[in-house]
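Visitor: First, the structure itself, so that you have it in front of you.
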């Protein structure tokens, strides 16, 4: 017996397919909205020339180690530290350091604070070599991540992918800006309105000295 096909069957199938596509698009839009719940819009910030105290650590969680040491340093020498930045650094893979990473942390200080420290451009504190560095002014692309430690691998890692992906699609030109060499991608942890946030920065251009 020949199967009967109604003339509206194909239209119904097409309608069902369209509904599936719309539902998928709606889910993707909701996912994007959720992402925007803890990611800010991308903006720009010029960070002026800084004097920083720099320390590094290597380990499985080098961030915690070096941040603790540097914060202790600030307390011991009673330093005023308006800003602090950290970033990953490469390590020598020839050593037995499987699953280890490197991290550098900066305490930004005013020049007048240096008189409180041991003389010279480097000294040792809690087994770590501390260096005094001058960081040139750069313009950075910036993204804020709210409550980053709720899911650090997803939120912080996703934030870096989001910011770098956005940069790859844009070109930056501005008067008074020259190519940015030997600059670092930075992370800045702060508390805003009672919430911990991380501002992440990618250097875009070096700012000319006046």
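The values are calculated or read from the model by the stated rules, or taken from the named source; none is laboratory data. It should be emphasised that the depicted structure is a prediction, and the values quoted were computed from it without experimental measurement. No Cβ is skipped: glycine too gets one built from the backbone with ideal geometry, and neighbour counts run over all protein chains shown.
Visitor: Kindly establish whether residue 113 is part of a helix (DSSP H, G or I) and at pLDDT 95 or above. Before the answer, list the steps.
Guide: Working: part of a helix (DSSP H, G or I): yes; at pLDDT 95 or above: yes.
Yes.
Visitor: If I ask for residues that are modelled with pLDDT of 95 or more and part of a loop (DSSP other than H, G, I, E, B), which ones from segment 50-90 would you list?
Guide: Once the filter is applied, which keeps residues that are modelled with pLDDT of 95 or more and part of a loop (DSSP other than H, G, I, E, B), segment 50-90 yields 77, 78, 79, 80, 81, 82.
Visitor: Pick out the one residue from 205, 141 that is modelled with pLDDT of 90 or more and not in a loop (DSSP other than H, G, I, E, B). Please lay out each step first, then the result.
Guide: Working: 205 fails: modelled with pLDDT of 90 or more.
Testing whether each residue is modelled with pLDDT of 90 or more and not in a loop (DSSP other than H, G, I, E, B) leaves just 141.
Visitor: Would you check if there is a residue in segment 151-164 being at pLDDT 90 or above, surrounded by fewer than 11 Cβ atoms within 10 Å (Cβ to Cβ) and either in the same structural domain as residue 190 (by TED's automatic domain parsing) or assigned to a helix (DSSP H, G or I) (or both)?
Guide: Yes.
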